[in-house]
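Before any comments, here is the structure.
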Amino acid sequence: GADAQAPHSILSTELSRHRKFASLAASLDDFRMVRDAHGGTVNDVILAAITGGIRGWMLTRAEPVSAKTRFRAMVPMSVVADDGLPTSLGSKVRGHLLSLPAGESNPVVRLHQVSYALKDHRETGSAVAANKLADLPGFATSTFHAVGARVASAEENRGHQIVITNGPGPNDPVYMAGDAVSEVYPCIPLSGSRAVAIGVTSYTGKVFFGIVADRDSVPDVDVLAQCIEDALLELVETIDSRRGHAPRGRQRPAKK
């Protein structure tokens, strides 16, 4: 259950005054392909990739990982229910506590466990789909992340070890001072004793991860970012056989 905690040291610390930031960009189509092959939602695949990334990162640090290793994540989600903090949109953001199965070695089983844990949220009828959220007039991704961070901070006593906000961005480019914005990386503040916070935004066919970490306890935050990318690749490779080829390696897509 959610009470089976991972080793206390890796995501919990006494915060220093210093932070490190790592970013990761991936193709939204990769997440959609995994969803189409294995079920669930794009959000499930994103959370499964983060879970696999945390697992891989722990292994690079020679941290003990057992089949029962789990982390409690606070995942703010948009709802239309009466509880939760209001945003400028009128929809609400409510903190959803999720147990991330970092001890599970099989990437597809990890994804199914995350999907199952989030199924209750989707079936309440109060969940707001990402595409509907992004289409709301005046919706600002930054507002969602800011409200999500406040929700996580307000629900301090629920004992979560990491905050993960995932807000959809527009499919069409937005412009600043006449130039199209090419990349958007959320930056979620750390609070309590949590050493890592992850913000995720989809925008113009890409998924952008912004990872904030305590510099003293997580100097290797760039390794965590690489491990999340590897975990996504691992999920994609579970369906490559269906597409008739199995590309391997870490060649990143060329930046446009």
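The values are calculated or read from the model by the stated rules, or taken from the named source; none is laboratory data. It should be emphasised that the depicted structure is a prediction, and the values quoted were computed from it without experimental measurement. Positions of Cβ are generated from backbone atoms using ideal geometry, with glycine treated the same way; all protein chains shown enter the neighbour counts. Areas reflect the complete protein model, heavy atoms only, side chains present, ligands, DNA and RNA absent. Shrake-Rupley method; radii C 1.70, N 1.55, O 1.52, S 1.80 Å.
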Which one is farthest from Met33 (Cα to Cα) among residues in the stretch 90-111 that are at pLDDT below 90 and open to solvent by 20 Å² or more (accessible area, probe 1.4 Å)? Gly90
Output the qualifying pairs, or none if there are none: Cβ atoms under 7 angstrom, residues six or more apart or on different chains, first residue in the stretch 178-190 and under 16 Å from Val207 (Cβ atoms), second residue assigned to a loop (DSSP other than H, G, I, E, B). Val181/Pro173; Val181/Val174; Val184/Gly169
Give just the number: which of (1) open to solvent by less than 50 Å² (accessible area, probe 1.4 Å); (2) among the hydrophobic types (A, V, I, L, M, F, W, C); (3) at pLDDT below 90 does Val80 not satisfy? (1)
Looking at (1) among the β-branched types (Val, Ile, Thr); (2) modelled with pLDDT of 75 or more; (3) over 21 Å from Ile198 (Cβ atoms), which is the only condition Thr124 fails? (2)
Among the residues that make up the stretch 149-158, is at least one of them within 19 Å of Val42 (Cβ to Cβ) and crowded, with 20+ Cβ neighbours inside 10 Å? no
Applying the selection to the stretch 20-62, what residues are of a type in the set (Val, Ile, Thr) and in a helix (DSSP H, G or I)? Val34, Val42, Val45, Ile46, Ile50, Thr51, Ile54, Thr60
Any idea which of (1) surrounded by fewer than 16 Cβ atoms within 10 Å (Cβ to Cβ); (2) over 19 Å from Pro76 (Cβ atoms); (3) free of Cβ contacts under 8 Å to residues at least 40 places away in the same chain is the one Gly205 doesn't satisfy? (3)
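Each row is one residue, and each column tells you yes or no for (1) in a helix (DSSP H, G or I); (2) closer than 23 Å to Ala48 by Cα; (3) modelled with pLDDT of 85 or more; (4) in contact with a Phe, Trp or Tyr (Cβ under 6 Å, 6 or more places away or on another chain).
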position: Gln113; (1), (2), (3), (4): yes, yes, yes, no
position: Lys132; (1), (2), (3), (4): yes, yes, no, no
position: Pro137; (1), (2), (3), (4): no, no, no, no
position: Thr143; (1), (2), (3), (4): yes, no, no, no
position: Val151; (1), (2), (3), (4): yes, yes, no, no
position: Val163; (1), (2), (3), (4): no, yes, yes, no
position: Asn166; (1), (2), (3), (4): no, yes, yes, no
position: Pro173; (1), (2), (3), (4): no, no, yes, no
position: Leu190; (1), (2), (3), (4): no, yes, yes, no
Going through (1) touching a residue at least 12 places away in the same chain (Cβ under 8 Å); (2) within 25 Å of Ala37 (Cβ to Cβ) one by one, Glu237 fails only at (1)
